[in-house]
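The values are calculated or read from the model by the stated rules, or taken from the named source; none is laboratory data. These figures come from a predicted structure and were not determined experimentally. No Cβ is skipped: glycine too gets one built from the backbone with ideal geometry, and neighbour counts run over all protein chains shown. The area values use the complete protein model at the heavy-atom level, side chains included, leaving out ligands, DNA and RNA. Shrake-Rupley method; radii C 1.70, N 1.55, O 1.52, S 1.80 Å.
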Amino acid sequence: MRRYKKRTDEEHINETWLIPYADMLTLLLALFIILYASSTLDAQKLERIIQTFTTAFQGGQPVLQSPAVTPDETTEGTNDEQDEEESPQEEPGSGFREREMEELRRLQERINTYIKQRNLQLSLKTELTEAGLIITILDHALFDSGSAVVKPDAVKLAREISNLLVSDPPRHIEVSGHTDNVPIHNSHFRSNWDLSAMRAINFLKIILENENLSPEYFSVRGYGEYKPVATNDTAEGRQQNRRVEVLILPNY
């Protein structure tokens, strides 16, 4: 009798391992179901899923009892993201651009009339480009050679130009100085770069004496010899390169 009982105990198999095994299978099944359902989720919803699994594995709320992400939420979130990605920032339409360019054309006509009335064709010229309206003043109309001081008879010219720059709404304006490639030799400037920048600054100072202009809309650039409009191999070309440019930007 004892021998039979012993044989029965030996043949009995311990099945307690099935409990954690079944739990593991349940978790794996839930994992694959949720991964399949969340294949199009955004980052926030994926983070929610990760937190849910973390809670479950740490002994918190079971996975299958966690709030589920419904298909409507998934679709809505995805559509919202697509709308944000596909909807660019609103930009002024072609009609607005055309009106701005037309305003600059009118301003160009006013400046050209001013130039013609005062016989300044050899000193000033205008050009309307995609970047804006450019007023070019050759340096001999403003400065002596090697100097950045605006000549006394050019101060009136600068002030009259400032009146032409007044607009409502105001536009951003860049004043840039340019030189030829002949090295400068004096005690005031180390290079043509320094000379071009100081000429632009001194010219701008007179422009901003106009109380109808706001300094916040102005900027200065010094290009030295590095933005030529003509060859530096001839005296005529170097004269064209020595200039101050006023770029009036469109409001788009």
Taking region 126-153 and keeping residues among the aliphatic types (A, V, I, L, M) and in contact (Cβ under 8 Å) with a residue 40 or more places away in the chain leaves ALA131, LEU133, ILE134, ILE135, ILE137, LEU138, LEU142, ALA148, VAL149, VAL150
Give the residues of region 175-201 that are out of contact with any helix residue (DSSP H, G or I) (no Cβ under 9 Å at 6 or more places or on another chain) and buried (at least 19 other Cβ atoms within 10 Å of the Cβ), sorted by residue number. ASN192, LEU195, SER196, ALA197, MET198, ALA200
In a loop (DSSP other than H, G, I, E, B) and surrounded by fewer than 14 Cβ atoms within 10 Å (Cβ to Cβ), is that true of SER167? no
Starting from residues that are touching a Lys or Arg at 6+ places or on another chain (Cβ under 8 Å) and part of a strand (DSSP E or B), keep the ones in region 240-252 and report whichever is nearest to TYR217 (Cα to Cα). ILE248
Going through (1) open to solvent by 70 Å² or more (accessible area, probe 1.4 Å); (2) under 19 Å from SER123 (Cβ atoms); (3) among the charged types (D, E, K, R) one by one, GLU211 fails only at (2)
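Results for (1) farther than 25 Å from GLU103 by Cβ; (2) in contact (Cβ under 8 Å) with a residue 40 or more places away in the chain; (3) touching a Lys or Arg at 6+ places or on another chain (Cβ under 7 Å), shown as yes or no for each residue.
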{"site": "LEU204", "(1), (2), (3)": "no, no, no"}
{"site": "ASN212", "(1), (2), (3)": "no, yes, no"}
{"site": "GLY222", "(1), (2), (3)": "yes, yes, no"}
{"site": "GLU225", "(1), (2), (3)": "yes, yes, no"}
{"site": "ARG238", "(1), (2), (3)": "yes, yes, no"}
Among what's in region 216-237 and is in a strand (DSSP E or B) and closer than 20 Å to ARG190 by Cβ, pick the residue that is farthest from the chain's Cα centre (by Cα). GLY224
Please determine whether any residue of region 153-164 is among the small types (Gly, Ala, Ser) and open to solvent by 60 Å² or more (accessible area, probe 1.4 Å). no
